[in-house]
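Scroll down for the structure; my scribbles are underneath it.
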Amino acid sequence: MEPVIIAFVVLSLMAAIFAVIIYFVDKQFHVEEDPRIDLIAEKLPGANCGGCGYAGCRNFAEAIVKNNSLDGLFCAPGGNKVMSEIAELMNLTAEEKKPQVAVIRCQGSFENCPPKHDYNGIKNCGFANFLFAGKGGCAYGCLGLGDCVEACKFDALYMDPITGLPVVIEDNCTACGNCVKACPRNIIELRNKGPKNRRIYVACMNKEKGVYAKANCLVACIGCNACAKECKFDAIKIENFLAYIDYKKCTLCRKCVAVCPTNCILEVNFLPKKQENANIANDSSKNIVNN
Amino acid sequence: MLKTFPKGGVHPDDCKLTAKSPIFVATLPDKVYIMLNQSAGAPAVPIVKKGDKVKTGQLIAKGEAFISSNVHSPVTGTIDKIDPILDATGYKHQAIIINVEGEDTWEEGIDITNNLIKEIKATPQEIIEKIKNAGIVGLGGAAFPTHVKLTIPQGKVAEYLLINGAECEPYLTCDHRLMLEKPEEILVGTSIIMKALGVHRAFIGIENNKLDAIELLTKLAKDYNGIEVVTLKKKYPQGAEKQLIKAITGREVPSGKLPIEVGCVVQNVGTAKAIYDAVQKNMPLIERVVTVTGPNVSKPSNFLSRIGIPLKHLIELAGGLPEDTAKLISGGPMMGKTLSNTDIPLTKAMGGILLFPYNFSKRLDPYPCIRCGRCVHACPMGLEPFYLEKLVIKERWEDAEKHWIIDCMECGSCQYICPAKRPLLDYIRLGKNKVSAIIRSRKN
């Protein structure tokens, strides 16, 4: 016989035998899986960002079905829309969460916090963090090596080459929280997006006394208490010479921004105040470079 | 055949520019800055306050935790303030700042004569107590409190005492000069440690690039019972604890265990001299020998310097900061730490101050790893640095742990030998930090 025919017959026979074996194995060891897991996983964004605390979207779906509740489970990239869809599917009620966005609480640009020395080790904030305080000398500020950019799965962060600081692209940010975990200095915080995307926050993490903070950085929070005194809503707390604005209490009245002597309180997406900002009218937000 | 450790190691150039320059006593500046975190473990707690007058050798901060050490005033003067200042870690830490006022007035009970006291009167308990009170830490670089190291845990027996005079780091000569100028003190100090530990044999390991020191100590050691000088073949990192034990006794310390597991205790020659001062003369640890050197330094020298002197003062004494200095390193070029400015004060752990010009300190751009295996060959701990680097870049911490990343002692041999100039050690250190954090969290 022709070798081709032999090969054809042998391979076909093997295929048939294996097909039978696979068929019986599949029947024998079939795993019953809740069909809802697949349905939920389909609804999820599928970015596998890990922001929910699970390794991937499917694990998150499994957790929802297993717990049969949505307590403490929230898909930030999907947001309220996806969560309500899942809740409908599971006959549960989803908790409404306000949309959040990551903010960079440091303004230590090259201009505000001039670099005093060079660093030529590996480009990794985690490593630089245990070597030294940072190029500018601030032990609380941004190291500028881009761990957060690396961690972001949604292209929502980039390093600004002029300031040396990361910038959040608000439209892309899903508030998954990966950058928050990646930053060794805890500079990045998730805050409520606020009405019309308007936010006010203290863009500084320096817990040193004012004198030392100011020695390294022009726009450091010196813990002077001026903003806390001005605030009528008890939203500002000063701890370790550092102000923090509670976004749940803040009413965006902008009084603290005006009194801050070092301009470390940032207002984002506000229209300029007419009488004060006449000279810099084309600046819709407080620009980092212009401070 | 000369003894050495069998696995790995590299041979960097010696560059011991200061091997022939005798130890100078450094003058005092107007102000000294005494760090409170001069030893491994918890920082000392200050017991003086602003405006207090202090004498030389007076206790100014107490180490209260188990792993912590006392700090003494190295000068006579007034406490200016207690404030955080930038130190060798790159961050600000609490320091006592003292205004120096004239000549030394010594604290009572301190013998400042140069007489050699050979007879050891103190009992083992008294020796350890005196070492603890004198605030002695390991002067090799790790600054681990010596009294903790000399307290043998229950159930363990020390057999050998090893005195580390290897000084395998290029450029540094502080231990070399100390062995040449204070050999008797080192030998008496060794006998004191032997008595405290209850061991009968001690080895002083010296590399064969210091033949004068070997000759001198071998001659003098004949008068001391049980002390033997061992000549070691020059190889980096011979001065590392585990490598020295392997080289001299042939024993291997198990992974994650201390040298006492194989019956050995290792001390630096500088520590032996400090122990002699503390036990025989009641002198606390307020000064150390430090090498100020660099390829372009005009007068590279060894200084006997008080702790707390700002480095810029020592650099001034060595002929000033060379114009092209690009990097300031505390310690040796292989394991030393880059400092961010010259205002940082001298601490007990600093054995050398290196000033490197740009062409010495610049890092070259890394090429891709070609798996030539030179780092594996060079690693004295038998690890695979190229693989660990990959694991850390991929953040595979569990795998890194399985490949013994914790055993890395950060000697830098892999990065030194790498032909592709890859930053292997940087990544391994990052991984080591992460993995040890994971192990700690698992224990809690």
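Given the criteria over 26 Å from A:Pro99 (Cβ atoms) and assigned to a helix (DSSP H, G or I), does A:Lys81 qualify?
no
Identify, please: which residue in the stretch B:411-428 is more than 17 Å from B:Val392 (Cα to Cα) and of a type in the set (Gly, Ala, Ser) and is, among those, nearest to the other protein chains (Cβ to nearest Cβ)?
Ranking the qualifying residues of the stretch B:411-428, first place goes to B:Ala420.
So which of B:Thr113, B:Thr76 ends up being in contact with a Lys or Arg (Cβ under 6 Å, 6 or more places away or on another chain) and more than 14 Å from every other protein chain (Cβ to nearest Cβ)? I'd like the intermediate steps shown before the answer.
On the way: B:Thr113 fails: in contact with a Lys or Arg (Cβ under 6 Å, 6 or more places away or on another chain).
Result: B:Thr76 is the single residue among B:Thr113, B:Thr76 that is in contact with a Lys or Arg (Cβ under 6 Å, 6 or more places away or on another chain) and more than 14 Å from every other protein chain (Cβ to nearest Cβ).
Of (1) assigned to a loop (DSSP other than H, G, I, E, B); (2) of a type outside the set (Ser, Thr, Tyr); (3) crowded, with 16+ Cβ neighbours inside 10 Å, A:Ile86 satisfies all except one. Which?
The failed condition is (1).
When the residues of the stretch B:429-444 are narrowed to those that are basic (Lys, Arg) and away from chain A (no Cβ under 14 Å), which ends up nearest to the chain's Cα centre (by Cα)?
Per the stated criteria, the residue is B:Arg440.
Among the numbered criteria (1) surrounded by fewer than 21 Cβ atoms within 10 Å (Cβ to Cβ); (2) at pLDDT 90 or above, which one does A:Ile187 miss?
Status for A:Ile187: all satisfied but (1).
Of the conditions (1) more than 14 Å from chain B (Cβ to nearest Cβ); (2) without any contact (Cβ under 8 Å) to a residue 60 or more places away in the chain; (3) of a type in the set (A, V, I, L, M, F, W, C), A:Val103 satisfies every one except a single condition; which number is it?
Every listed condition holds for A:Val103 apart from (2).
Are there any pairs with C-beta distances below 8 angstrom linking a residue in the stretch A:45-63 that is in the same structural domain as A:Asn172 (by TED's automatic domain parsing) to a residue that is assigned to a loop (DSSP other than H, G, I, E, B) and modelled with pLDDT under 90, with the two at least 6 apart or on different chains, and if so which?
Taking only residues 6 or more apart or on different chains, not a single pair turns up.
Please determine whether any residue of the stretch A:68-82 is of a type in the set (Ser, Thr, Tyr) and touching a residue at least 60 places away in the same chain (Cβ under 8 Å).
Start the filter on the stretch A:68-82 by keeping residues that are of a type in the set (Ser, Thr, Tyr), which leaves A:69.
Filter once more, so that each one left must be touching a residue at least 60 places away in the same chain (Cβ under 8 Å): none.
So far as the stretch A:68-82 goes, no, none of its residues is of a type in the set (Ser, Thr, Tyr) and touching a residue at least 60 places away in the same chain (Cβ under 8 Å).
Of everything in the stretch A:111-141 that's hydrophobic (A, V, I, L, M, F, W, C) and more than 8 Å from every other protein chain (Cβ to nearest Cβ), which residue is nearest to the chain's Cα centre (by Cα)?
Step one: list which residues in the stretch A:111-141 are hydrophobic (A, V, I, L, M, F, W, C), which gives A:113, A:122, A:125, A:127-128, A:130-133, A:138-139.
This time we only want the ones that are more than 8 Å from every other protein chain (Cβ to nearest Cβ), so: A:113, A:125, A:128, A:138.
Working: A:Cys113: 24, A:Cys125: 16, A:Ala128: 21, A:Cys138: 23 Å.
So, considering only residues that are hydrophobic (A, V, I, L, M, F, W, C) and more than 8 Å from every other protein chain (Cβ to nearest Cβ), the one nearest to the chain's Cα centre (by Cα) is A:Cys125.
Quick check: is even one residue across the stretch A:58-69 at pLDDT 90 or above, polar (S, T, N, Q) and under 30 Å from A:Cys148 (Cβ atoms)?
Checking the stretch A:58-69: at least one residue is at pLDDT 90 or above, polar (S, T, N, Q) and under 30 Å from A:Cys148 (Cβ atoms).
Look at B:Cys411 and say whether it is within 22 Å of A:Ala128 (Cβ to Cβ), in a loop (DSSP other than H, G, I, E, B), touching a residue at least 24 places away in the same chain (Cβ under 8 Å) and of a type in the set (A, V, I, L, M, F, W, C).
Yes.
Please determine whether any residue of the stretch B:225-244 is farther than 20 Å from B:Thr123 by Cβ, of a type in the set (Asp, Glu) and in contact with a Cys (Cβ under 8 Å, 6 or more places away or on another chain).
Checked the stretch B:225-244: no residue is farther than 20 Å from B:Thr123 by Cβ, of a type in the set (Asp, Glu) and in contact with a Cys (Cβ under 8 Å, 6 or more places away or on another chain).
Filter the strands (runs of 3 or more DSSP E) completely within the stretch B:291-392 down to those with at least 3 residues that are within 14 Å of another protein chain (Cβ to nearest Cβ) and surrounded by fewer than 24 Cβ atoms within 10 Å (Cβ to Cβ). Can you show your working first?
Working: elements: B:301-306, B:325-330, B:352-357.
Qualifying strands (runs of 3 or more DSSP E): B:325-330.
Residue pairs, Cβ under 7 Å, 6 or more apart or interchain, first in the stretch B:1-26 and at pLDDT below 90, second surrounded by fewer than 19 Cβ atoms within 10 Å (Cβ to Cβ) and among the β-branched types (Val, Ile, Thr). List them.
What qualifies is B:Leu2/B:Thr231.
Among (1) within 14 Å of chain B (Cβ to nearest Cβ); (2) at pLDDT 90 or above, where does A:Cys221 come up short?
Single failed check for A:Cys221: (1).
Can you go through B:Asn282, B:Asn268 and tell me which one is at positive phi and out of contact with any Pro (no Cβ under 8 Å at 6 or more places or on another chain)?
Sole residue among the options that is at positive phi and out of contact with any Pro (no Cβ under 8 Å at 6 or more places or on another chain): B:Asn282.
Part of a helix (DSSP H, G or I), under 12 Å from B:Phe5 (Cα atoms) and not basic (Lys, Arg): is that true of B:Ile248 in this structure?
When the stated conditions are applied, B:Ile248 passes them.
Of the residues B:Tyr416, B:Tyr427, which single one is in a helix (DSSP H, G or I) and in contact (Cβ under 8 Å) with a residue 60 or more places away in the chain?
That would be B:Tyr416, the only listed residue that is in a helix (DSSP H, G or I) and in contact (Cβ under 8 Å) with a residue 60 or more places away in the chain.
Every residue, every condition in (1) buried (at least 23 other Cβ atoms within 10 Å of the Cβ); (2) of a type in the set (Val, Ile, Thr), yes or no:
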| site | (1), (2) |
| --- | --- |
| B:Ile152 | no, yes |
| B:Leu197 | yes, no |
| B:His200 | no, no |
| B:Phe203 | yes, no |
| B:Val230 | no, yes |
| B:Lys242 | yes, no |
| B:Lys246 | no, no |
| B:Ile260 | no, yes |
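Out of A:Ala175, A:Ala182, A:Ala151, I need the residue that is away from chain B (no Cβ under 11 Å), over 27 Å from B:Ala88 (Cβ atoms), under 18 Å from the mean Cα position of the chain (by Cα) and buried (at least 17 other Cβ atoms within 10 Å of the Cβ). Which one?
A:Ala175
For the list (1) touching a strand residue (DSSP E or B) at 6+ places or on another chain (Cβ under 7 Å); (2) surrounded by fewer than 16 Cβ atoms within 10 Å (Cβ to Cβ), I need the number of the one condition that A:Ile104 fails.
Result: A:Ile104 passes all but (2).
The values are calculated or read from the model by the stated rules, or taken from the named source; none is laboratory data. All of these numbers come straight from a predicted model, not from anything done at the bench. With ideal geometry, Cβ positions are generated from the backbone for all residues, glycine too; neighbour counts draw on all protein chains shown.
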